[in-house]
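**Student:** The structure under discussion is supplied below as structure tokens; questions concerning it will follow.
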Amino acid sequence: MSIQLKRIYDSVSDDDGRRVLVDGMWPRGVKKADAALDDWYKSVAPSSELRRWFGHDRDRWEKFRESYRAELDDADNEALDALREIVAQEDEVTLLFAARDTECNHAVVLKDWLEDAA
């Protein structure tokens, strides 16, 4: 199992493996035909309230990480279960996100959470 992170705006590559969009909203400026997605799990993204509160403010990063992990821990979510199964079965999985900040975004937290759960 290998999970990588990639912005949806980056080029598709052969080593992406299964490509899964993990944003709650469709990314601006991306045509569905060009995204080369295998799956889109909207409901694994942070709650709207948490996302708005965070606002990609690095000063709120640690609290966001804690809060989003708590949401994941408490989730009764079929999409999250399906994503965990995909990660367990596939050799390569790429979690796609739209955020500009590649270090402080929900996909980073989700990747860590999935790896911890494996």
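**Student:** For the stretch 48-66, which positions are over 19 Å from residue 97 (Cα atoms) and of a type in the set (Gly, Ala, Ser)?
**Tutor:** Listed by number, the list is empty, since nothing qualifies.
**Student:** So which residues in the stretch 76-98 are without any contact (Cβ under 8 Å) to a residue 60 or more places away in the chain and either hydroxyl-bearing (Ser, Thr, Tyr) or surrounded by 14 or more Cβ atoms within 10 Å (Cβ to Cβ) (or both), if there are any at all? Walk me through how you get there before you give the answer.
**Tutor:** In the first step, residues of the stretch 76-98 are kept if they are without any contact (Cβ under 8 Å) to a residue 60 or more places away in the chain; the result is 76-82, 84-85, 89.
Result: 77, 79, 80, 82, 84.
**Student:** With the requirement that a residue be among the β-branched types (Val, Ile, Thr) and assigned to a loop (DSSP other than H, G, I, E, B), what does the stretch 3-18 give you?
**Tutor:** Across the stretch 3-18, the qualifying residues are 8, 12.
**Student:** Of the residues 7, 58, 69, only one is more than 15 Å from residue 90 (Cβ to Cβ), more than 13 Å from the chain's Cα centre (by Cα) and basic (Lys, Arg); which?
**Tutor:** Details: 7 fails: more than 13 Å from the chain's Cα centre (by Cα); 69 fails: more than 13 Å from the chain's Cα centre (by Cα).
On inspection, the qualifying residue turns out to be 58.
**Student:** Okay, next question. Restricting the stretch 1-24 to residues that are among the aliphatic types (A, V, I, L, M) and at pLDDT below 95, which is farthest from residue 75 (Cα to Cα)?
**Tutor:** This residue is 12.
The values are calculated or read from the model by the stated rules, or taken from the named source; none is laboratory data. Here the structure is a predicted model, which is why all the values come from computation and not from measurement. Every residue, glycine as well, gets a Cβ built from its backbone with ideal geometry; the counts of neighbours run over all protein chains shown.
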